[in-house]
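In what follows, a single structure is set out as structure tokens and then discussed.
The values are calculated or read from the model by the stated rules, or taken from the named source; none is laboratory data. This one's a predicted model, so the numbers in the text were calculated from it and none came from an experiment. All Cβ positions, even for glycine, are placed from backbone atoms using ideal geometry, and neighbour counts span all protein chains on display.
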Amino acid sequence: MRVTVEDGRAIKVTGDPDHPPTQGVLCTKVSRYAERVHHPERLTTPMKRVGRKGEGRFEPITWSEALEIAATRLSEIASRAPEAIMPYSYAGTMGLVQSESIAQRFFHAIGASQLDRTICAAAGAAGLKYTYGASLGMLTEFFEESEVILIWGANPIASNLHFWTRVQEAKRRGAKLIAIDPYRSLTAEKCHQHIALKPGTDGALALGMMHVLISDNLLDLAYIADHTVGFDELKARALTYPPARVAQICGIDEQVVVDLARLYGSTRKASIRLNYGMQRVRGGGNATRAIACLPSLTGAWRDRAGGLLLSSSGWAPVDSHALGRPDLIPGWPQRQPRVINMNEIGNALLHPGDATFGPQVEAVIVYNSNPVAVAPDSERVAAGFAREDLFTIVLEHFRTDTADFADLLLPATTQLEHLDVHKSYGHTHVMVNLPAIAPVGDARPNTEIFRGIARAMGLQEPALFESDETVAANALRWSDPALAGTDWETLKQTGWARLNLPDAPFANGGFRTPSGKCEFSSQRLAQQGLDPLPDYLPPYESAEGSPELVERYPLAMISPPARNFLNSTFVNVTSLRSTEGHPHLDIHPSDAQLRGITDGDQVRIFNDRGSMQARARVTDKAREGLVVGLSIWWKKLSPDGRNANQVTSQRLTDLGGSATFYDCLVEVERV
Ligand SMILES: Nc1nc2c(c(=O)[nH]1)N[C@H]1C(S)=C(S)[C@@H](COP(=O)(O)OP(=O)(O)OC[C@H]3O[C@@H](n4cnc5c(=O)[nH]c(N)nc54)[C@H](O)[C@@H]3O)O[C@H]1N2
Ligand SMILES: Nc1nc2c(c(=O)[nH]1)N[C@H]1C(S)=C(S)[C@@H](COP(=O)(O)OP(=O)(O)OC[C@H]3O[C@@H](n4cnc5c(=O)[nH]c(N)nc54)[C@H](O)[C@@H]3O)O[C@H]1N2
Ligand SMILES: [Mo]
């Protein structure tokens, strides 16, 4: 990003035209970043709560008062039961310095509970780990040369604009684009074909494609022999998924399955842009594994324009040990504090504590996240944060839904005000973020806030007090061949560096699994008592998964990102919120008619966990039986003070313990 600064204020943020992945373009929301940074409601001073929990009434205090209050309370808890303190953080900033560096060192040093950061990508990451060995995939630039592109569980026009640029180039060169998505998203609308399967059935579709690839002999047997393990077992599994069965599971035509597989198998220049939208369901890990097997069956990996990309983040040589310093944990590595899955924050905060769970949570420190809006089963999350005896510190830019529950609300700097280093999960460049302006008001970087709390608690460990510059300079493993020719000083000068990687990463195998091959069958899964082969697992909340629930709640609801929001970030930026307008619910005409709902009606969406309201848009963009509520609204900026996570559940995926946001049955009625 290039920032234009006048009198110490950022007045414009644009893309850097020299940066190859973005080519000078920013997405809609980030192009408004200056508006967000200098927003009149930016938090500029530490505050303490004066109202009830959740009410959002605060009074300003000084930093030294704030740090003293934090230190006194946290020291007292840490002296008795350090695991009663927990962090809660995720993607507010994905910078390596301002996310899990000093913060994580602090929690490690005091022996606090650890957080399993699973809210977004854990099922997909596990699927890739057990198949390829890590989060590795195709390089984005070579999608331009693909002849067939499957855009699978992804909506790049909204959520990955720079990838869409590559797809458009491929289209100009004659590529065929196919969207696989239950919803006719902005992206699906622009593809040659849209396969609107039922949510959570992607694993079956992939197995059905395998069935056709096998029976039509569209396999690369040499690639399979040299670079994969478990083909015979996988073949036996795939043969139990004939296209007719798959068509039934997915709610699509049999011929669609056959044609898709034949097209996919017709060329090695066949690429798959998988994204996390398809793994937010019970079987998300298995589905990722099944899809990830496809390019190894057809040998698409041999061509740089073939293969699959879910996440490329594993290519960046990040030194996570140096950043988070797990060795600071008292008794490490023999002793590990308990781990709390962030998707279960609602249950965790409401748990009274026992021998299995460990001590009741007494303090939570939230940074880079807005759990009251983004975490599933929100009624319970809010009830947890409302506990009078819970001590909550929130580091934020704004008074979010979560901030309203804080005892201490501490102003944090934005991307324009602090130093950071970034990797990507789409492209394969690393980047430096230099501060462009001084901190707004009294805001401080997350790192500085944690250093301050540590100092006030009298902690001595030098790693807690390292400067941002030192942390940043050691965030990457410079000796890694991917970074050959680059060091911290050069990276600071140039702003970004392309990782040195082969064009076709698995053309000659070289997977990072224990066998070094693409593992169709995984011994590591077998050792955990799990199915070593990918399979289709019906969603928890579906006709197959819970027939009794379908009687009461017949509609599947998904709540993927709105184009003008970034999760719950930017919802309070007026220009962006006014473009989104209202919380909407897209509903198919026949489902609407059945309920007497007409376009523009205010509707109530509900299940046993809770309810929310939205304005109905009657449209066949949502397939029958599916409703879509683009998200994630701030509750307090929605007409009824609620959002989509009122109805989502805390249940976890098959692999990785990910959230199941899109595995959710509801009923809808006119208000
Ligand atoms: N504008 C914008 N951009 C964003 C974000 C944002 O909030 N707003 N968030 C960022 C983050 S944190 C992430 S993780 C990514 C997420 O971006 P994506 O990975 O693209 O994931 P989603 O947007 O969750 O879902 C993408 C598509 O998957 C579809 N989908 C839902 N369920 C299923 C299913 O069972 N099967 C299939 N095949 N498709 C399904 C949805 O209808 C949606 O169109 O985007 C990033 N970019
Ligand atoms: N229903 C539903 N729920 C979802 C999803 C969905 O598709 N549907 N998507 C899920 C996904 S993919 C994700 S990744 C999660 C994301 O959930 P979160 O990680 O909570 O992301 P945001 O909602 O963007 O909230 C981040 C907060 O961090 C703050 N922040 C930004 N930078 C900084 C900083 O430097 N310091 C501090 N202290 N704060 C900062 C922002 O102001 C913002 O309020 O939500 C998940 N929740
Ligand atoms: Mo995410």
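Condition first: within 16 Å of ligand 3 (Cβ to nearest atom), among the basic types (Lys, Arg) and surrounded by 18 or more Cβ atoms within 10 Å (Cβ to Cβ). Can you find one or more residues in segment 123-140 that meet it?
Going through segment 123-140, the residues within 16 Å of ligand 3 (Cβ to nearest atom) turn out to be 123-128, 135.
Subset that is among the basic types (Lys, Arg): none.
For segment 123-140, residues within 16 Å of ligand 3 (Cβ to nearest atom), among the basic types (Lys, Arg) and surrounded by 18 or more Cβ atoms within 10 Å (Cβ to Cβ): absent.
Exactly one condition in (1) within 12 Å of ligand 1 (Cβ to nearest atom); (2) surrounded by 21 or more Cβ atoms within 10 Å (Cβ to Cβ); (3) modelled with pLDDT of 95 or more is not met by Pro538; state its number.
Pro538 satisfies every listed condition except (2).
Does Gln360 fit the bill of being surrounded by fewer than 20 Cβ atoms within 10 Å (Cβ to Cβ), in contact (Cβ under 8 Å) with a residue 60 or more places away in the chain, among the polar types (S, T, N, Q) and closer than 22 Å to Glu100 by Cβ? Spell out the reasoning first.
Values: surrounded by fewer than 20 Cβ atoms within 10 Å (Cβ to Cβ): yes; in contact (Cβ under 8 Å) with a residue 60 or more places away in the chain: yes; among the polar types (S, T, N, Q): yes; closer than 22 Å to Glu100 by Cβ: no.
It is false that Gln360 is surrounded by fewer than 20 Cβ atoms within 10 Å (Cβ to Cβ), in contact (Cβ under 8 Å) with a residue 60 or more places away in the chain, among the polar types (S, T, N, Q) and closer than 22 Å to Glu100 by Cβ.
Given the structure, is Val258 more than 27 Å from Ser146 (Cα to Cα) and in contact with a Pro (Cβ under 9 Å, 6 or more places away or on another chain)? If you could, list the steps in order and put the result at the bottom.
Details: more than 27 Å from Ser146 (Cα to Cα): no; in contact with a Pro (Cβ under 9 Å, 6 or more places away or on another chain): yes.
It is false that Val258 is more than 27 Å from Ser146 (Cα to Cα) and in contact with a Pro (Cβ under 9 Å, 6 or more places away or on another chain).
Is segment 21-38 home to any residue that is in a loop (DSSP other than H, G, I, E, B) and modelled with pLDDT of 95 or more? Steps first, please.
First, pick out the residues of segment 21-38 that are in a loop (DSSP other than H, G, I, E, B): 21-29, 38.
Retained after the next criterion (residues that are modelled with pLDDT of 95 or more): 38.
The answer is yes, given that some residue of segment 21-38 is in a loop (DSSP other than H, G, I, E, B) and modelled with pLDDT of 95 or more.
Step by step: first the residues of segment 105-131, then only those that are part of a loop (DSSP other than H, G, I, E, B) and not small (Gly, Ala, Ser), then the one that is nearest to ligand 1 (Cβ to nearest atom). Which residue is that?
First, pick out the residues of segment 105-131 that are part of a loop (DSSP other than H, G, I, E, B): 111-113, 117-121.
Filter again for not small (Gly, Ala, Ser), leaving 117-120.
Working: Arg117: 12, Thr118: 12, Ile119: 9, Cys120: 5 Å.
Checked segment 105-131; the qualifying residue nearest to ligand 1 (Cβ to nearest atom) is Cys120.
Can you find a residue in segment 615-626 that is of a type in the set (Val, Ile, Thr) and under 19 Å from Gly153 (Cα atoms)?
Let us first name the residues in segment 615-626 that are of a type in the set (Val, Ile, Thr), namely 618-619.
If we keep only those that are under 19 Å from Gly153 (Cα atoms) too, we end up with none.
No - not one qualifying residue is present in segment 615-626.
I'd like the residue in segment 172-195 that is among the charged types (D, E, K, R) and surrounded by fewer than 22 Cβ atoms within 10 Å (Cβ to Cβ) and, out of all such residues, is nearest to ligand 1 (Cβ to nearest atom). Even if it seems obvious, please write down each step before you answer.
Here is the first cut: in segment 172-195, the ones among the charged types (D, E, K, R) are 172-173, 176, 181, 184, 189-190.
Add one more test, that the residue is surrounded by fewer than 22 Cβ atoms within 10 Å (Cβ to Cβ), and what stays is 172-173, 176, 184, 189-190.
Values: Arg172: 22, Arg173: 23, Lys176: 18, Arg184: 9, Glu189: 11, Lys190: 12 Å.
Selected residue: Arg184.
Let me confirm something: among Gly251, Gly284, which residue is surrounded by fewer than 20 Cβ atoms within 10 Å (Cβ to Cβ), closer than 28 Å to Ala556 by Cα, in contact (Cβ under 8 Å) with a residue 40 or more places away in the chain and of a type outside the set (Asp, Glu)?
Gly251
How do the pairs read when you match residues in segment 305-332 that are on the phi > 0 side of the Ramachandran plot with residues anywhere that are part of a helix (DSSP H, G or I) and loosely packed, with under 15 Cβ neighbours inside 10 Å, using Cβ under 7 Å and keeping only pairs 6 or more apart or on different chains?
none
Wholly within segment 151-250, which helices (runs of 4 or more DSSP H) include no fewer than the required count, namely at least 3 residues that are within 26 Å of Thr513 (Cβ to Cβ)? Please lay out each step first, then the result.
Working: elements: 156-159, 161-172, 186-189, 202-215, 221-227, 231-238, 243-250.
By residue number, 202-215, 221-227, 231-238.
Give Glu147, Glu169 a once-over and let me know the one that is acidic (Asp, Glu), modelled with pLDDT of 95 or more, surrounded by fewer than 17 Cβ atoms within 10 Å (Cβ to Cβ) and away from ligand 3 (no atom under 16 Å from the Cβ). Walk me through how you get there before you give the answer.
Numbers: Glu147 fails: surrounded by fewer than 17 Cβ atoms within 10 Å (Cβ to Cβ).
Within the list Glu147, Glu169, the selection yields Glu169.
Considering segment 555-564 alone, what residues qualify as being surrounded by fewer than 24 Cβ atoms within 10 Å (Cβ to Cβ) and hydrophobic (A, V, I, L, M, F, W, C)?
Scanning segment 555-564 gives a single hit, Leu555.
Just wondering, is there one or more residues in segment 206-227 that are touching a Lys or Arg at 6+ places or on another chain (Cβ under 9 Å), on the phi > 0 side of the Ramachandran plot and within 13 Å of ligand 1 (Cβ to nearest atom)?
The answer is no, given that none of the residues of segment 206-227 is touching a Lys or Arg at 6+ places or on another chain (Cβ under 9 Å), on the phi > 0 side of the Ramachandran plot and within 13 Å of ligand 1 (Cβ to nearest atom).
Would you say Ser266 is among the polar types (S, T, N, Q), within 16 Å of ligand 3 (Cβ to nearest atom), surrounded by fewer than 23 Cβ atoms within 10 Å (Cβ to Cβ) and not in a helix (DSSP H, G or I)? Explain how you work it out, then say what you get.
Details: among the polar types (S, T, N, Q): yes; within 16 Å of ligand 3 (Cβ to nearest atom): no; surrounded by fewer than 23 Cβ atoms within 10 Å (Cβ to Cβ): yes; not in a helix (DSSP H, G or I): yes.
So Ser266 fails the test.
Could you count how many residues in segment 494-512 are over 27 Å from the mean Cα position of the chain (by Cα), on the phi < 0 side of the Ramachandran plot and modelled with pLDDT of 95 or more?
Here the count works out to 2.
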